[in-house]
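The structure appears right after this line, and notes come after that.
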Amino acid sequence: MKPTNSSLHLIAVACAALSLTAGLRAADTPAAPAPAAADAKKLTFTADIKPILEKNCYVCHGGDDYAKAQGKAAGSMSKSKLTLDTYENALKGGRSNKPGFVPGKAADSEIIHRIALAPDDKQIMPPKGKPAPSAADIKLITDWVNSGAAK
């Protein structure tokens, strides 16, 4: 039996419908979520967090080596006794006896609490007139802490 134009047309329409249906099903299937930026690259204190602290916090919390480089006496930089020059010091915290960063727990980390306060709060860090981390930097620090605060 030789196919007629109408039977060929019917086959073509059926193939197009099947193709369209397959395309719709693929589009209806939810895509796998993209990995978060923090998951794509493991954040570390040395590579990711320390540069933010150096830029925004070292004026007051740079530690003895930073103070000496600025021509100041060792121990003269921070009234709060908080230095952020090393991973260990950043975790330890300062005079408040509250840990600076608590690995896995941003909500319990005093530094995150202070940098995220409202601009008019008297306890905000850094204080008015000093360079402050951007919202993106604060999010990066928070993600780092919540992911375990790797050195």
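The values are calculated or read from the model by the stated rules, or taken from the named source; none is laboratory data. Everything numeric in this text was worked out from a predicted model, so none of it was measured. A quick note on method: Cβ atoms are made from the backbone with ideal geometry, for glycine too, and the neighbour counts reach across all protein chains shown.
When segment 108-135 is filtered for residues that are of a type in the set (A, V, I, L, M, F, W, C) and part of a loop (DSSP other than H, G, I, E, B), the ones remaining, listed by number, are A116, L117, A118, I124, M125, A132. Condition check: at pLDDT below 85, over 15 Å from L140 (Cα atoms) and within 26 Å of the chain's Cα centre (by Cα). Does Y66 satisfy that? So Y66 fits the description; yes. Going through (1) modelled with pLDDT under 90; (2) outside any helix (DSSP H, G or I); (3) loosely packed, with under 10 Cβ neighbours inside 10 Å one by one, N97 falls short only on (1). If you check K92, K50 for being within 21 Å of A135 (Cα to Cα), surrounded by 13 or more Cβ atoms within 10 Å (Cβ to Cβ) and modelled with pLDDT of 50 or more, only one passes: K50. Could you please find all residues in segment 53-78 being surrounded by fewer than 19 Cβ atoms within 10 Å (Cβ to Cβ), hydrophobic (A, V, I, L, M, F, W, C) and in contact with a helix residue (DSSP H, G or I) (Cβ under 8 Å, 6 or more places away or on another chain)? Hits for segment 53-78 are A73, A74. Within segment 106-122, being surrounded by 11 or more Cβ atoms within 10 Å (Cβ to Cβ) and more than 18 Å from A90 (Cβ to Cβ) holds for one residue alone: L117.
A136 meets the stated requirement of being under 21 Å from K42 (Cα atoms), out of contact with any Leu (no Cβ under 6 Å at 6 or more places or on another chain), free of Cβ contacts under 8 Å to residues at least 12 places away in the same chain and not acidic (D, E).
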